[in-house]
Structures are given as structure tokens and as C-alpha cells.
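Undergrad: Pasting a structure below so you can have a look.
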Amino acid sequence: MYDIHIRRYIYLLHAIFAPKALTDPRYYFSHKVCFDTARTMATYPSVDPTNLNGVSDFSLVKVRAQDFFKRVLVHSCVTILLELFQEIEEDSNEPLTSRQMRREERAPLKGIVRDALQLSLDRVEFGASNIKCMYNALLDILLVI
């Protein structure tokens, strides 16, 4: 649990400077830190073999918790989606064979977004009405990507 708190603060520290990396290469480190931190926070283990039903306590917290853990999911997804869009934009100028190879490289990121979509659906089924907008947005974005 300490890990997610530390990663969230590291993410928030670098999130201020990360968008500047699109125009200024000096900020690339902040962009990379935000992306790596978001990917790590979005892929925390969901299965615990020591638990009787196989579901980790952390995945239950992600489904049922409010504010802090919900925002971690939102920040992580937005960062990963921005990275995906940036990669797609860069691919538009490359030959078709190169685009197909890069599409396969993006598959793990799409998997993270699909997992976030499932988590959003689980939260809606649990009764969280304020996550419906994120669920619809993720669904629309996955159709585009």
C-alpha cells in the first residue's frame, strides 16, 4: 500500500512537466516517469493465490474505494491513453509495415485500457454512478484505437 502512495506523489510531481515534453526534449524524463508510474499503478496484481477466492485485497479496494484509488485509476488511464494517441500520431507518417509492427507493440497498453474498462464496469455494478462517464469514454476510445 505504501508503494501506491509514493508512486502517486511521484506521478503528481512530474505530471506538471510531462506535457511540455511534446515540444521540449528537456522534459522527456518527466514524461517517461509519468508513463512508467501510470503503467505500474494500472497493473498492480489483481490475483492473490493465498486468498481463498483468488482475488487480491487490492483489487477489492480498487472496486469499492472512493476518491484516492479512483483517481489513481483515472490518472493512470489518461496517461496511458495519451501515450497511445501520441504513438498513433507518430505512426501516421510511417510506412504500412512499420505501423503494423508498432501496432503489435501497443497491444500491452491496449490490454491495460481493457482492464481499466472492466474495472470501471465492476465499479458501476457495485453502485458507483460517477464512474459511468469514464466507462463510456474508455469504450469509445478503445473503438477508435
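Undergrad: Can you pull the one-decimal nm distance between simple spin-label points at residue 124 and residue 104, each 7 Å off the Cα toward Cβ?
TA: 3.4 nm
Undergrad: Can you work out ³J(HN,Hα) from phi for every residue in region 111-120, in order, using Karplus 6.51 cos²θ - 1.76 cosθ + 1.60 and θ = phi - 60°, giving whole Hz and x for Gly and Pro?
TA: x, 5, 5, 5, 5, 5, 5, 5, 5, 4
Undergrad: Among 21-31, 72-82, how do they line up by average Cβ neighbours within 10 Å per residue, starting with the highest?
TA: Values: 21-31: 13.6, 72-82: 20.0.
Output ranking for 21-31, 72-82: 72-82, 21-31.
Every number in this text was worked out from the coordinates using simple rules, so none of it is lab data. For clarity, every value in this text was computed on a predicted model and none was experimentally measured. Ideal geometry is used to build each Cβ from the backbone, glycine not excepted, and the neighbour counts take in all protein chains shown.
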